[in-house]
Amino acid sequence: GKGDFEHHMLKEIHEQPETLANTMRGRLSDADASAHFGGLNVDPQQLRRAKRIILTACGTSYHAAQVGEYLIEEFAQVPVEVEYASEFRYRNPPIDHDTIVIAISQSGETADTLAAVRESKRKGHMTLAICNVVGSSIARESDGGMYLHAGPEIGVASTKAFTSQVLTLAMFALHLGRLRNMSALQGARMIAEMRALPDHVREALGCDADARRIAEKYAHCTSFLYLGRQYLYPVALEGALKLKEISYAHAEGYPAAEMKHGPIALVDANTPSVFLALKGAIHEKAMSNLEEVKARRGPVIAVATAGDDVVARKADEVLYVPDVPDYLQPLVAVIPLQLLAYHVARLRGCDVDKPRNLAKSVTVE
Ligand code: M6R
C-alpha cells in the first residue's frame, strides 16, 4: 500500500534511503575492499580480460546506464558503450568476443531489452542483467546478473529503481576495478562513501517543502530545460523525463555546455532552466553556463551543494543536496528533480501514478 503517502510515486521517492541500503546489503566486503554479487556467475578471469562493455536499456534504465558508462570507465578503465535496446537489437555492430553485454531493466520484461539480450546471447557474448523483479524474463534469460533488491516499484515513473541501478553499477565498477587496476586503499574509500549514501539521500529528501514551493511558482510553464555536465548530464535527462511523463510539460535535458549551440534560443522569461550546479570538478564551467541563461532572462532553478551561497546569489531558486564525491552525485541530485516533477504534476492535476499513454512495463516493441 501507499501508507501515509498520497501516491505510490511519493512513497517510493521517500523510501530511497532504505532501498539503497537494501541494494548494498551483504555486498560490500572490507576484507578485500571490493563488492561481491551472489548471482553474477562470471569467472573473474573473464572480467579481467574484458575489453569492452555494452550497456543496453530503455527509458530511465537507459539514463542509469549512461551514469554507469562514466563509473565503469573511471574506476575500472574498461571502454563502455551505451545503446538503446530498441536500436541495439536491430544493428549489427562489430563486437569482439571479449565484450560483455549488460541489460538494465527494472521490470525485466521490457520487450526491446529482452530482445537485445536474446540477440546478444545468440552472438555468443557473455550477457548479464541488472533487474529489480526477481525471476523476470530478462533475469532468467541472462547468463548472470545483479538484482536491485529495491522492492516492488508501482508508480509508472521510475524513481527508487533508478537510484538502485546507479548504485549497483557503482558497486559493479568497484568489483571490476578491484579485479583489474584499483588499489585496496581506493576500494576501501569507495566502500565508506557508499555506506554513507543512505544518510545523504535522507538529507536530500529534506528539500521536499522547497521543491513544492518552487513547483507552485513554475507549474504553469509549458517548457523546461534541464542542464548538467559529466556525471550530472544523465541526471538532467532523467529529470526532464520525469517531468514530461507525469506532468505533460515539455522538458528537455542537455549537457549544459551544449546550450550555446542551439537550445539557448528557447530561453525566455517563461522557460525555466533546472541547473545541476553541484560542487566538483567542473563547477566553474557549469556556473558560467548558468550565467549565460540568466543573461537571457531565463528563470534558473539550481540544484546545489549545501552551503554554496554563490549559487544562491546567482539562481532564482535553489534546492540543496549534501556534499558527496562526484561519482555519487547522481544519487543525491536526482532526488530534488523527482520531487519537483511530482509536485508540478500534482498541481497540474495529473494522475501521478498512472500517467496517460504509459504502462509500467512496456511489452510491445
Ligand atoms: O522496466 P524497465 O526498466 O525496462 O523500463 C524501461 C522504461 O520503460 C522505463 O524506465 C520508463 O522510461 C519509465 N516510465 C520512466 O520513468
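Key figures
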item	result
Filter result for R346 (modelled with pLDDT of 95 or more, open to solvent by 40 Å² or more (accessible area, probe 1.4 Å) and of a type in the set (D, E, K, R))	yes
Residue tally, condition open to solvent by less than 10 Å² (accessible area, probe 1.4 Å) and within 11 Å of the ligand (Cβ to nearest atom), over the stretch 349-365	1
From V235, V166, V133, V156, residue being open to solvent by 60 Å² or more (accessible area, probe 1.4 Å) and either within 16 Å of the ligand (Cβ to nearest atom) or assigned to a loop (DSSP other than H, G, I, E, B) (or both)	V133
Flag for R178 being among the basic types (K, R), at pLDDT 95 or above, more than 25 Å from Y254 (Cα to Cα) and in contact with a Gly (Cβ under 9 Å, 6 or more places away or on another chain)	yes
Condition met for I264 (at pLDDT 95 or above and among the β-branched types (V, I, T))	no
Unique match (being of a type in the set (F, W, Y) and outside any helix (DSSP H, G or I)) among F224, F172	F224
Those residues of the stretch 1-46 which are in a loop (DSSP other than H, G, I, E, B) and closer than 30 Å to D353 by Cα, in sequence order	G1, K2, G3, D4, F5, E6, H7, E15, R25
Residue match in the stretch 6-13 (condition: more than 16 Å from the ligand (Cβ to nearest atom) and not charged (D, E, K, R))	no
Residue within the stretch 278-288 that is touching a residue at least 60 places away in the same chain (Cβ under 8 Å) and not in a helix (DSSP H, G or I) present	no
Residues being open to solvent by 10 Å² or more (accessible area, probe 1.4 Å), part of a loop (DSSP other than H, G, I, E, B) and at pLDDT 90 or above - total across the stretch 82-118	5
Hey, I301 in a helix (DSSP H, G or I) and crowded, with 22+ Cβ neighbours inside 10 Å or not	no
Residue identified as assigned to a strand (DSSP E or B) and farther than 27 Å from H200 by Cβ among E252, E291	E252
Sole residue being more than 16 Å from the ligand (Cβ to nearest atom), small (G, A, S) and touching a strand residue (DSSP E or B) at 6+ places or on another chain (Cβ under 6 Å), chosen from A65, A57, A33, A50	A50
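The values are calculated or read from the model by the stated rules, or taken from the named source; none is laboratory data. Bear in mind the structure is a predicted one, so any value in this text is a computation, not a measurement. We place every Cβ from the backbone using ideal geometry, glycine too, and count neighbours over all the protein chains shown. Remember, those area values only see protein heavy atoms, side chains included, never the ligands or the DNA or RNA. Shrake-Rupley method; radii C 1.70, N 1.55, O 1.52, S 1.80 Å.
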